[in-house]
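Trainee: Got a structure here, written out as structure tokens. Questions coming.
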Amino acid sequence: MPGSRLTHEDRRAVAEGLTAGLAYAEIARLLGRPTSTVSREVRRNGGPRGYRADHAQEATHERGRRVPAGAPAPTGFEERFTEMMVHTGLPRMPARVLAALLTSDRRALSAADLVARVRVSPASVSKAIAYLEQLELVRRVSEPGSREHYRVDDDAWYRSCRREADVCTAWATSAREGAGLLAGSPAAARLAAMGDYFDHVGRDLADSAERWRHVFAAG
């Protein structure tokens, strides 16, 4: 079943259908879409004679980025906070979404809240949330009868740190395996040193995370 949004390829098919003189219903059948979808698409983007696929695609993208009236503008700190995260390795869009979540007075924000606050399209917010979930920095929460919200839990930093410790352990294990297989070579010495480094850093991260968790839980 096709998605609700027309793709660029769909819009090219609409334009070709209009040029060929096809009715909306015929174009809709070719696309496997409701006739109302095609008629609305054409009406919003120049009408039967003025419809252009590329223009319609760009216009739809811009409408998705449009900011609702009264949407709060990012604060100066929020923008600086975002730049810090980008500078230290986080992609810009996830950084903007994370900064919005962390600086909001509300415990959790919906996708619509984030679209309004970050001033980007719903698709951009969705991709950023998916990225942050992989890093275990953001969690989805939902209640019966309400839309899905996103929040940064109090233990997010612990889970993120534990994840980094696990990454270090994986690097250390692989490096030491390589050192054993290439024993006696210059490469083995490099891999052995690398394995020692990541093992040391990983254990330090894990120990620090556990100490922080116990202190936080006690406080």
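The values are calculated or read from the model by the stated rules, or taken from the named source; none is laboratory data. Please read these numbers as outputs of a predicted model, since none were measured by experiment. Heads up, the Cβs are rebuilt from the backbone with ideal geometry, glycines too, and the neighbour counts pull from every protein chain shown. Each accessible area value is taken on the protein alone, full model and side chains, heavy atoms only, with ligands, DNA and RNA left out. Shrake-Rupley method; radii C 1.70, N 1.55, O 1.52, S 1.80 Å.
Trainee: Output the number of residues of the stretch 163-187 satisfying the condition of being part of a helix (DSSP H, G or I), out of contact with any Leu (no Cβ under 6 Å at 6 or more places or on another chain) and over 30 Å from ASP113 (Cα atoms). Steps first, please.
Mentor: Taking the stretch 163-187 and keeping what is part of a helix (DSSP H, G or I), we get 163-181, 186-187.
Restricting the remaining residues to those that are out of contact with any Leu (no Cβ under 6 Å at 6 or more places or on another chain) gives 163, 166-174, 176-177, 180-181, 186-187.
If we keep only those that are over 30 Å from ASP113 (Cα atoms) as well, we get 166-174, 176-177, 180-181, 186-187.
Of the residues in the stretch 163-187, 15 are part of a helix (DSSP H, G or I), out of contact with any Leu (no Cβ under 6 Å at 6 or more places or on another chain) and over 30 Å from ASP113 (Cα atoms).
Trainee: Just a yes or no: is a residue in the stretch 198-213 touching a strand residue (DSSP E or B) at 6+ places or on another chain (Cβ under 9 Å), open to solvent by 80 Å² or more (accessible area, probe 1.4 Å) and either small (Gly, Ala, Ser) or under 30 Å from ASP105 (Cβ atoms) (or both)? Break it down stepwise before answering.
Mentor: Our first condition is that a residue be touching a strand residue (DSSP E or B) at 6+ places or on another chain (Cβ under 9 Å); within the stretch 198-213, this holds for none.
The answer is no, given that none of the residues of the stretch 198-213 is touching a strand residue (DSSP E or B) at 6+ places or on another chain (Cβ under 9 Å), open to solvent by 80 Å² or more (accessible area, probe 1.4 Å) and either small (Gly, Ala, Ser) or under 30 Å from ASP105 (Cβ atoms) (or both).
Trainee: Here's another thing I want to ask about it. Collect the residues in the stretch 34-46 that are over 13 Å from THR60 (Cβ atoms) and open to solvent by less than 30 Å² (accessible area, probe 1.4 Å), keeping them in residue-number order.
Mentor: Matches in the stretch 34-46: VAL38, SER39.
Trainee: Which condition number in (1) modelled with pLDDT under 90; (2) part of a helix (DSSP H, G or I); (3) surrounded by 13 or more Cβ atoms within 10 Å (Cβ to Cβ) is the one that GLU62 fails?
Mentor: (3)
Trainee: In addition: Inspect all residues belonging to the stretch 183-196 and state whether any of them is open to solvent by less than 80 Å² (accessible area, probe 1.4 Å), out of contact with any Lys or Arg (no Cβ under 8 Å at 6 or more places or on another chain) and closer than 21 Å to PRO94 by Cβ.
Mentor: no
Trainee: Pull out all pairs, ordered by first then second residue, where Cβ-Cβ is under 6 Å, the residues are six or more apart or on different chains, the first lies in the stretch 189-211 and is within 14 Å of ASP166 (Cα to Cα), and the second is among the polar types (S, T, N, Q) and open to solvent by 50 Å² or more (accessible area, probe 1.4 Å).
Mentor: GLY202/THR169
Trainee: If I filter the stretch 1-34 down to residues being among the polar types (S, T, N, Q) and under 33 Å from the mean Cα position of the chain (by Cα), which single residue comes out as nearest to HIS55 (Cα to Cα)? Can you show your working first?
Mentor: Step one: of the stretch 1-34, the residues among the polar types (S, T, N, Q) are 4, 7, 19.
Right, trim to under 33 Å from the mean Cα position of the chain (by Cα) and you get 4, 7.
Working: SER4: 19, THR7: 13 Å.
Per the criteria, the residue is THR7.
Trainee: Going by the structure shown, is GLU164 in contact with a Ser or Thr (Cβ under 6 Å, 6 or more places away or on another chain) and farther than 24 Å from ARG5 by Cα? Spell out how you get there, then give the answer.
Mentor: On the way: in contact with a Ser or Thr (Cβ under 6 Å, 6 or more places away or on another chain): no; farther than 24 Å from ARG5 by Cα: yes.
So GLU164 fails the test.
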